[in-house]
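J.: The structure that follows is given in the form of structure tokens.
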Amino acid sequence: MRLTLRQRTERKWLPAAEPEVLEELRRLRARVPHVTGALAATSDGLVLAHDTAALEPEGVAALTAAALGVAQSLAEAAGRGAFRELLVRGEDGYVASYAAGSMAVLTVLAGDRANVGRLHLEARRSGTRLADLVADALGRAEQP
């Protein structure tokens, strides 16, 4: 598959946003008790930054991209509009993914004692900030 010029620009310059994105992930973890990790990636699975200790970020980003595709299709098929967020509850906690603009996604890992309402509130705010950081990085990359 051939990448468009914009896609090549995104892949080349999005890592320039990594320090700011990583700082936002760390602030999110500090604001929400029982959050054990956070990852920001492009919607096609490229890791932008991660604050995860025990997980392999590239694998989580790839699975997030796959889940994102299914969630987008489900939301559209059910007439619920564009994807906003996805929450998975497992025996040992939560995996939540949030849209961060049209280009990126935020995935948050939390323990089973996490306050899901607080998680949603803070992660939605972080998703908005991440969308702005990614847009700024792309804007800088596209300038001559």
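J.: Which whole-Hz ³J(HN,Hα) couplings does the stretch 84-99 yield from phi under the Karplus relation 6.51 cos²θ - 1.76 cosθ + 1.60, θ = phi - 60°, glycine and proline marked x?
T.: My calculation for the stretch 84-99 gives 10, 7, 9, 10, 10, 10, x, 4, 10, x, 10, 10, 10, 10, 10, 5 Hz in order.
J.: Given a 1.4 Å probe and every protein chain left where it sits, what share in percent of the accessible area of the stretch 24-144 is carbon and sulfur?
T.: After summing per-atom areas, the C and S share lands at 52 percent.
J.: Compute the Cα gyration tensor for the stretch 15-135, then decide on rounded, prolate or oblate, letting a ≥ b ≥ c be the square roots of its eigenvalues: rounded whenever a/c is under 1.5, prolate when a/b is larger than b/c in the other cases, and oblate in all that remain.
T.: Judged from the Cα gyration tensor, the stretch 15-135 comes out rounded (a/c under 1.5).
J.: Would you list Val70, Val105, Val60 from the most to the least accessible area, probe 1.4 Å?
T.: Val70, Val60, Val105
J.: Using each residue's phi in the stretch 56-66, evaluate 6.51 cos²θ - 1.76 cosθ + 1.60 at θ = phi - 60° and report the 3J(HN,Hα) Karplus result to the nearest Hz, with x for Gly and Pro.
T.: For the stretch 56-66, the Karplus curve yields 8, x, 5, x, 5, 5, 5, 5, 4, 4, 5 Hz.
J.: So for Glu91, Glu24, Glu58, what's the accessible-area order with a 1.4 Å probe, most first?
T.: Working: Glu91 170, Glu24 0, Glu58 105 Å².
Descending accessible area places them as Glu91, Glu58, Glu24.
J.: Also, quick follow-up: When the Karplus curve 6.51 cos²θ - 1.76 cosθ + 1.60 is applied with θ = phi - 60°, which whole-Hz ³J(HN,Hα) does each residue of the stretch 22-30 get, with x for Gly and Pro?
T.: Karplus values, whole Hz, x for Gly and Pro: 4, 5, 5, 4, 5, 5, 4, 4, 6.
J.: Now for a separate question. Students often check this: by mean Cβ neighbours within 10 Å, which of 112-123, 38-49 ranks highest, and how do the rest follow?
T.: Ranked by mean Cβ neighbours within 10 Å, highest first: 38-49, 112-123.
J.: Quick one: which residues, 5+ away or cross-chain, put their amide H under 5 Å from the amide H of Thr52? H built at 1.01 Å from N.
T.: Under 5 Å from the amide H of Thr52: Ala38.
The values are calculated or read from the model by the stated rules, or taken from the named source; none is laboratory data. What you see is a predicted model; the values in this text were computed from it and never measured. Don't worry about glycine lacking a Cβ; one is built from the backbone with ideal geometry, like all the others, and counts go over all protein chains shown. The protein model used for the area step is the full one, side chains on, heavy atoms only, and it has no ligands, DNA or RNA in it. Shrake-Rupley method; radii C 1.70, N 1.55, O 1.52, S 1.80 Å.
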